Amino acid sequence: MAKVKKGNRILDIDSGRVDAYLKQGYDQINASGAIIKHATGGKAVPVGEYNKLREELEDLKGSDAAAEIAELKAEIKKLKTENTKLKKELDTKEEPKE
């Protein structure tokens with residue numbers, strides 16, 4: 001048996017019928033109510049929410065995220081190198097002389 005949910009309705013159905021319910025807009029859930037599989041159809045998104053998400057996506061695509069990521073990776077590499085150098089200097093200073 002599988003559980004599906006749509007709105008506040010929770011149904012116990014045969015495992016073989018899960019795909020049909022997913023197409024009708026039901027989400028498959030586990031015993032604690034967490035979604036296992038999202039619906040594949042039967043749901044409508046309000047136009048305002050769609051437009052908001054579309055604008056957010058366009059902003060993310062338009063930003064120089066790839067360049068920023070490359071710049072941050074280079075900075076991390078530089079800082080790791082500097083950190084390693086400083087640790088080696090500290091270790092050589094702390095070694096007791098015999």
Within the range 1-41, strands (runs of 3 or more DSSP E) holding 3 or more residues that are surrounded by fewer than 16 Cβ atoms within 10 Å (Cβ to Cβ): 9-13, 35-37
Cβ pairs under 8 Å, 6+ apart, first in the range 36-55 and closer than 14 Å to Val18 by Cα, second of a type in the set (A, V, I, L, M) and not in a strand (DSSP E or B): Lys37/Val18; Lys37/Leu22; His38/Leu22; Ala39/Leu22; Thr40/Leu22; Gly41/Leu22
Residue that is nearest to Val18 (Cα to Cα), among those in the range 60-79 that are surrounded by 10 or more Cβ atoms within 10 Å (Cβ to Cβ) and among the basic types (Lys, Arg): Lys73
Single condition Lys93 does not satisfy, out of (1) out of contact with any strand residue (DSSP E or B) (no Cβ under 9 Å at 6 or more places or on another chain); (2) surrounded by 10 or more Cβ atoms within 10 Å (Cβ to Cβ): (2)
Test result for Leu57, within 24 Å of Lys6 (Cα to Cα), surrounded by 10 or more Cβ atoms within 10 Å (Cβ to Cβ) and either under 18 Å from the mean Cα position of the chain (by Cα) or at pLDDT 90 or above (or both): no
Enumeration of residues in the range 42-54 that are under 21 Å from the mean Cα position of the chain (by Cα) and not in a helix (DSSP H, G or I): Val45
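The values are calculated or read from the model by the stated rules, or taken from the named source; none is laboratory data. These numbers come from a predicted model, not from an experiment. So basically every Cβ, Gly included, is an ideal-geometry build from the backbone, and we count neighbours across all protein chains shown.
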